């Protein structure tokens with residue numbers, strides 16, 4: 001692991017184990033769901049309701065999810081994998097999600 005990242009807070013979906021960042025299987029499953037539902041066309045508000053209905057704890061370990069938290073997860077490139085982070089999301093899925101987020105941000109500004 002990169003020593004510079006040792007003090008940083010790690011992304012939702014991961015744990016630290018023996019100075020390495022490893023998948024947290026339960027949280028990684030929630031990350032996959034977030035990306036899959038958004039890719040299917042669900043809104044962030046709908047995803048929030050689904051996660052709360054499933055009982056998936058938020059990054060703050062609460063029952064309630066914030067829409068901004070979900071948006072941040074959808075924008076986090078750590079999920080693609082890197083020197084420090086194992087991959088959770090495929091590149092193609094991440095790119096589709098980013099394109100949809102950009103379109104929605106543009107249409108919100110244009111209104």
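We did not get these values from a lab; they are worked out from the coordinates using the rules stated. Quantities reported herein were computed from a predicted structural model and do not represent experimental measurements. All Cβ positions, glycine included, derive from the backbone under ideal geometry; neighbour counts span all protein chains shown.
Note on the stretch 4-52: residues that are at positive phi and surrounded by 11 or more Cβ atoms within 10 Å (Cβ to Cβ) amount to 1. Out of the residues in the stretch 79-94 that are touching a residue at least 40 places away in the same chain (Cβ under 8 Å) and part of a loop (DSSP other than H, G, I, E, B), state the one that is nearest to residue 36 (Cα to Cα). Top of the filtered list is 89.
Is there a residue in the stretch 95-111 that is within 19 Å of residue 25 (Cβ to Cβ) and without any contact (Cβ under 8 Å) to a residue 60 or more places away in the chain? Break it down stepwise before answering.
Taking the stretch 95-111 as the starting set, the residues that turn out to be within 19 Å of residue 25 (Cβ to Cβ) are none.
For the stretch 95-111, residues within 19 Å of residue 25 (Cβ to Cβ) and without any contact (Cβ under 8 Å) to a residue 60 or more places away in the chain: absent.
When 72, 76 are screened for being out of contact with any strand residue (DSSP E or B) (no Cβ under 6 Å at 6 or more places or on another chain), under 26 Å from residue 18 (Cα atoms) and either touching a residue at least 40 places away in the same chain (Cβ under 8 Å) or surrounded by fewer than 17 Cβ atoms within 10 Å (Cβ to Cβ) (or both), only 76 passes.
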